[in-house]
Amino acid sequence: MYLLAAASGDPLLDWLAQAGMGGVLAFVVIGFIRGWIVSGATHKRVLEQEQRALDLVYAQAEIAQRALEAAERKGP
C-alpha cells in the first residue's frame with residue numbers, strides 16, 4: 001500500500017502524517033501531560049469557576065454603584 005505524501009506546510013501536521021499511529025498516540029499522551037488537551041470534566045469545572053468569578057465581579061460592581069449613588073445623594 002502506497003500513501004501519497006503531500007506537504008501541508010504545517011510542520012506538526014507533516015510530522016504526524018509521517019509518524020503514523022504511534023506518533024499520533026504519543027502526541028495525544030504528551031498533549032494530556034502538558035495540558036494542551038483537557039478532559040471534559042476539567043473543562044466543565046473551569047467554566048463553572050469562571051461563571052462564579054463573573055457573578056462575584058458583577059455583585060461587587062453593583063455594591064460599588066449603590067455606594068456611589070448613596071454618597072452622591074448625601075452630598076459634600
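The values are calculated or read from the model by the stated rules, or taken from the named source; none is laboratory data. This one's a predicted model, so the numbers in the text were calculated from it and none came from an experiment. Using ideal geometry, Cβ is built from the backbone for each residue, glycine included, and neighbour counts are taken over all protein chains shown.
Condition check: at positive phi and in a helix (DSSP H, G or I). Does Gly20 satisfy that? Answer is yes for this residue. Contact map, region 12-27: residues that are surrounded by 13 or more Cβ atoms within 10 Å (Cβ to Cβ) paired with residues that are modelled with pLDDT of 85 or more and of a type outside the set (S, T, N, Q), Cβ distance under 9 Å, separation 6+ or inter-chain. Pairs shown: Ala19/Ala26.
The residues of region 35-76 that are among the polar types (S, T, N, Q) and surrounded by fewer than 10 Cβ atoms within 10 Å (Cβ to Cβ) amount to a single one, Ser39. The set of residues in region 6-52 being within 22 Å of the chain's Cα centre (by Cα) and among the hydroxyl-bearing types (Ser, Thr, Tyr) consists of Ser39, Thr42.
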